[in-house]
1. Look at T99 and say whether it is crowded, with 18+ Cβ neighbours inside 10 Å, part of a loop (DSSP other than H, G, I, E, B) and near ligand 1 (Cβ under 8 Å from one of its atoms).
2. For the stretch 175-192: of the residues being crowded, with 24+ Cβ neighbours inside 10 Å and of a type in the set (S, T, Y), which is nearest to the chain's Cα centre (by Cα)?
3. Go through (1) touching a Gly at 6+ places or on another chain (Cβ under 6 Å); (2) hydrophobic (A, V, I, L, M, F, W, C); (3) closer than 16 Å to R104 by Cα for A49 and report which single condition fails.
4. With respect to the numbered conditions (1) crowded, with 22+ Cβ neighbours inside 10 Å; (2) closer than 19 Å to V107 by Cα, which one is the sole condition not fulfilled by T36?
5. What number of residues within the stretch 133-191 are farther than 23 Å from L297 by Cα and away from ligand 2 (no atom under 16 Å from the Cβ)?
6. Taking the condition crowded, with 16+ Cβ neighbours inside 10 Å and either of a type in the set (S, T, N, Q) or in a strand (DSSP E or B) (or both), does V274 pass?
7. Quick check on my filter: what residues within the stretch 104-118 are within 22 Å of A21 (Cβ to Cβ) and not in a loop (DSSP other than H, G, I, E, B)?
8. So G276 ticks every box in (1) at pLDDT 95 or above; (2) under 20 Å from R247 (Cβ atoms) but one. Which box is left unticked?
Amino acid sequence: MSEVLRVDPAAPDAASVARAAEILRAGGLVAIPTETVYGLAAHALDARAVERIFAAKGRPSTNPLIVHVPDVASARALSSHWPAAADRLAERFWPGPLTLVVPRAAVVPDVVTAGGDTVAIRVPAHPVALAILRAARIPLAAPSANPSNAVSPTTAQHVVAGLGKKVDLVVDGGPCSGGIESTVLHLDTDPPTLLRPGLVSPDAIEAVIGPIARERKQQGPLPSPGLMARHYAPRAKLEVVHEDRARDLAAVLAAAGERVALLVLDDAVTPAVVRGVQTVVMPRQADAYASRLYATLHQLDSQGFTRVVVVRPPDGDAWLGVRDRLARASHA
Ligand code: TXA
Ligand code: MG
């Protein structure tokens, strides 16, 4: 088992932060809390350290990583061209769950960008992540700290369960508040392109920089491998259905011998007992739902549920990130 170091999420102690920073500077792997999900961090300018991330996750080398920095100046240093839109977005959303894809500087190793000409960068809003970034004084490449294609971790326990002893240190800062991964926006296209919806909505981005493209073009190689259809999936088979069908489907599955969980919105399906079905009441507010989604899926997996029936969340921009993650989790 990896060593787990418990820290106060609001005010991490200097000794713990220094320990994590030292391991990272030496080329080690440290799982750190961010405001979205836990990240598996390594020295972004050390290609061998970054290669260890890919090995630990079983991640294809074609899938580039997000680089985490403590401030805009550090972000600029990793890019060959820093667009005006990046400044405006950083001003509004950093530190926070928005990742910007910009042309990369030569200092960024190929392994980070999967050989591409761009680099994805964000300033995380979590006090622990920021403290470690400041103490280490290096940019940190960090994907979500889970085996490739599994549900992202929102607690240190999820990290340990998924990655076991492949990590040099797990910094436990308690549960992540955001609960799903950052929004990824490509700024080197005209207009900018939303590559992955997340906690910052397209509307909020457009209010700052004007129109963005919300759909990826189908032709050509995937601009962002995180857009692969199945990703973030639990072990249980998950289906998203209209609330009118949800209880019946759950009951039929349970009758067929499946262990079924039914995720309802709090004022949708009355959580009346369906025989053999565990009802889980999810929040009707998008941010609160996102905050609990992965933790709920991890828990259902650990309890041995074989099927998860999810009442489809509302339409609209605020739910885009949640709908996206549910769609990926349910892809056959
Ligand atoms: O909230 C988050 O973003 C978390 C925390 C740890 O910061 N990180 C995270 O990383 O979700 P990961 O590796 O699981 O997802 C990174 C996403 C992938 O969809 C990847 O394809 C995309 O960002 N990405 C990274 N670099 C890119 C680039 N240069 N161009 C296009 N997409 C890129
Ligand atoms: Mg991930």
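1. Values: crowded, with 18+ Cβ neighbours inside 10 Å: yes; part of a loop (DSSP other than H, G, I, E, B): no; near ligand 1 (Cβ under 8 Å from one of its atoms): yes.
Against the criterion (crowded, with 18+ Cβ neighbours inside 10 Å, part of a loop (DSSP other than H, G, I, E, B) and near ligand 1 (Cβ under 8 Å from one of its atoms)), T99 does not qualify.
2. Residue satisfying both the conditions and the ranking: S182.
3. The single condition A49 does not satisfy is (3).
4. For T36, the failing item is (2).
5. 16
6. Working: crowded, with 16+ Cβ neighbours inside 10 Å: yes; either of a type in the set (S, T, N, Q) or in a strand (DSSP E or B) (or both): no.
Considered against the rule, which asks whether it is crowded, with 16+ Cβ neighbours inside 10 Å and either of a type in the set (S, T, N, Q) or in a strand (DSSP E or B) (or both), V274 comes out as no.
7. Within the stretch 104-118, the first condition is being within 22 Å of A21 (Cβ to Cβ), and the residues that meet it are 107-109, 111-112.
Scanning the stretch 104-118 gives V111, V112.
8. G276 satisfies all of (1) at pLDDT 95 or above; (2) under 20 Å from R247 (Cβ atoms) except (1).
The values are calculated or read from the model by the stated rules, or taken from the named source; none is laboratory data. Keep in mind that what you see is a predicted model, and the values were worked out from it rather than measured. Cβ atoms come from the backbone with ideal geometry, glycine included; neighbour counts cover every protein chain shown.
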